[in-house]
Amino acid sequence: MDLQDPHKKMSKSAASPDGTIWLTDAPEAIQKKIRGAVTDSGSEVKAFGKKPAITNLLTIYSIISNQTVQEVEHEFAGAGYARFKNALADVLIAYLQPIHNRFREMASARDEIVCVLRTGADKARHTAAHTLNAVKQRVGVLPQ
């Protein structure tokens with residue numbers, strides 16, 4: 001769910017860009033977004049039905065760390081929101097690191113990517129031209 005409004009899903013069209021973690025966000029941006037995520041009143045790192053914000057953050061941590069929410073609650077019992085958010089940012093950054101690395105590799109191979117895209121576009125145009133001509137002949141737009 002959105003880091004700024006835990007009642008809504010993360011979305012590219014959200015009112016605040018700080019509510020969504022993008023796969024290509026820099027580690028510093030992820031830290032900032034997690035530290036700035038809304039929390040509920042109190043400081044206990046525990047999921048409750050009436051505490052959607054901390055429940056959202058616990059759920060994210062749980063999924064990323066492959067632990068249950070209860071295990072995460074136990075790990076951060078008495079720790080407070082600040083320590084928990086810092087740990088969440090750290091595990092999220094580590095989890096997304098392979099994606100960041102691959103993205104950087106691909107971005108540095110721009111010429112290769114452009115070549116692959118051009119080749120694909122040429123093949124698609126060739127196939128589309130044959131298909132379009134066949135359709136036009138069947139409809140009667142082209143002479144036979």
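A short reminder: the numbers here are calculations on the coordinates, not readings from a lab. Note that the structure is predicted; figures quoted are calculated from it, not measured. Every residue, glycine among them, receives a Cβ derived from its backbone with ideal geometry; neighbour counts consider all protein chains shown.
Think of the range 1-108 as having a plus end and a minus end, set by charges on the Cβ of Lys, Arg, Asp and Glu; of I60, A26, Y81, A26 sits farthest toward the positive end of this dipole.
Given contacts defined as C-alpha pairs under 8 Å and at least six residues apart, what's the relative contact order of the range 1-79, whole-number percent? The partial results should precede the final answer.
Values: 87 pairs, mean separation 19.6, N = 79.
Rounded, it is 25 percent for the range 1-79.
Result for the chain in a Gaussian network model with C-alpha springs under 10 Å: among A79, A29, A109, the largest mean-square fluctuation is at A109. Relative contact order, whole percent, for the range 1-41 stands at 38, derived from Cα pairs under 8 Å and 6 or more residues apart. Neighbour counts of other Cβ atoms within 10 Å put M106, M1 in the fewest-to-most order M106, M1. Rounded to the nearest whole Hz, the Karplus-based 3J(HN,Hα) values (6.51 cos²θ - 1.76 cosθ + 1.60, θ = phi - 60°) of the range 100-108 follow the sequence 4, 4, 5, 4, 5, 4, 5, 5, 7, with x at glycine and proline.
Placing +1 on the Cβ of every Lys and Arg and -1 on the Cβ of every Asp and Glu, with no other charges, gives the chain a dipole of roughly 720 debye about its Cα centre.
Both radii come from the Cα set of the range 1-108: Rg as radius of gyration, Rh as Kirkwood radius; their ratio Rg/Rh reads 0.98.
Name the trypsin sites (Lys or Arg not before Pro) in the range 30-104 that are in a loop by DSSP and that have at most 10 other C-beta atoms within 10 Å, would you? Could you put the intermediate results ahead of the total?
Details: sites: K32, K33, R35, K46, K50, R83, K85, R102, R104; in loops: K46, K50.
Answer by residue number: K50.
Summarising the label geometry, the points placed 7 Å from Cα in the beta-carbon direction at K136 and V114 lie 3.1 nm from one another. Derived scalar couplings between HN and Hα for the range 68-77 equal 7, 4, 4, 5, 5, 4, 5, 4, 10, 4 Hz in order, rounded to whole Hz, by the Karplus curve 6.51 cos²θ - 1.76 cosθ + 1.60 (θ = phi - 60°), x for Gly and Pro. Rounded to whole numbers, the Karplus 3J(HN,Hα) couplings from phi for the range 16-31 are 10, x, 6, x, 10, 9, 8, 4, 9, 4, 5, x, 5, 5, 5, 4 Hz, using 6.51 cos²θ - 1.76 cosθ + 1.60 with θ = phi - 60°, and x at Gly and Pro.
Suppose every Lys and Arg Cβ carries +1 and every Asp and Glu Cβ carries -1, with no other charges. What dipole size does the range 84-144 come out with about its Cα centre, to the nearest 20 debye? Intermediate results must be reported in sequence, preceding the final value.
Numbers: 9 positive and 5 negative charges, 66 e Å.
The dipole of the range 84-144 has a size of about 320 debye.
Take every Cα pair under 8 Å whose residues are at least 6 apart in sequence, average their separation, divide by the length of the chain, and the relative contact order is 19 percent. Take the Cβ atoms of A15 and I63, set R0 to 35 Å, and the FRET efficiency comes out at 0.90.
Taking the longest Cα principal axis of the chain as reference, the axis of helix 110-139 is set at about 50 degrees.
Taking Cα atoms only, the orientation of helix 52-65 departs from the longest principal axis of the chain by about 70 degrees.
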